[in-house]
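See structure below.
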Amino acid sequence: MEPKHCEACNKTTERSEEERKKLIHRLNRIEGQIRGIRGMVERDAYCPDILVQSAAVSAAVNAFNKDLIARHLRGCVARDLRAGKDEVIDELAATLQKLMR
């Protein structure tokens, strides 16, 4: 299994097939929720109903991010710290700051 390439950071993360499937499954559900919201807008659904669905999407994205952060900490960050690559701490801090905007 070849790791996926990140053009912006020139780093990759190896994921098991099971891990990749779980992440993609979550993203597919989120994508379906977004399509549902678009359909609600197209049907002129009541604003509060759309907002409730939008909040559900936000919660789903947050859950995805929490899961990915946990996996990153247990995998990449732990590995890099064991290898003496302390710069991973600064990278993690910068990433968390971007997520908290």
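All of the numbers you see were taken from the coordinates with simple rules; none came from a lab. Because the structure is predicted, anything quoted here is derived from the model rather than measured.
Worth a mention:
- Relative to the longest principal axis of the Cα atoms of the chain, the long axis of helix 87-99 makes an angle of roughly 10 degrees.
- Rounded to whole numbers, the Karplus 3J(HN,Hα) couplings from phi for segment 44-55 are 6, 5, 5, 3, x, 5, 5, 4, 4, 5, 5, 5 Hz, using 6.51 cos²θ - 1.76 cosθ + 1.60 with θ = phi - 60°, and x at Gly and Pro.
- Using alpha-carbon coordinates, inclination of helix 17-42 to the longest axis of the chain, degrees: 30
- Backbone geometry of segment 79-86 corresponds, through the Karplus equation with coefficients 6.51, -1.76 and 1.60 at θ = phi - 60°, to 3J(HN,Hα) couplings of 4, 5, 5, 4, 7, x, 8, 5 Hz, x marking Gly and Pro.
- Contour excess over end-to-end distance, with Cα ends at Ile24 and Val61 and 0.36 nm allotted per residue: 12.1 nm
- Relative contact order computed over the chain (Cα-Cα under 8 Å; 6+ residues apart), in percent: 17
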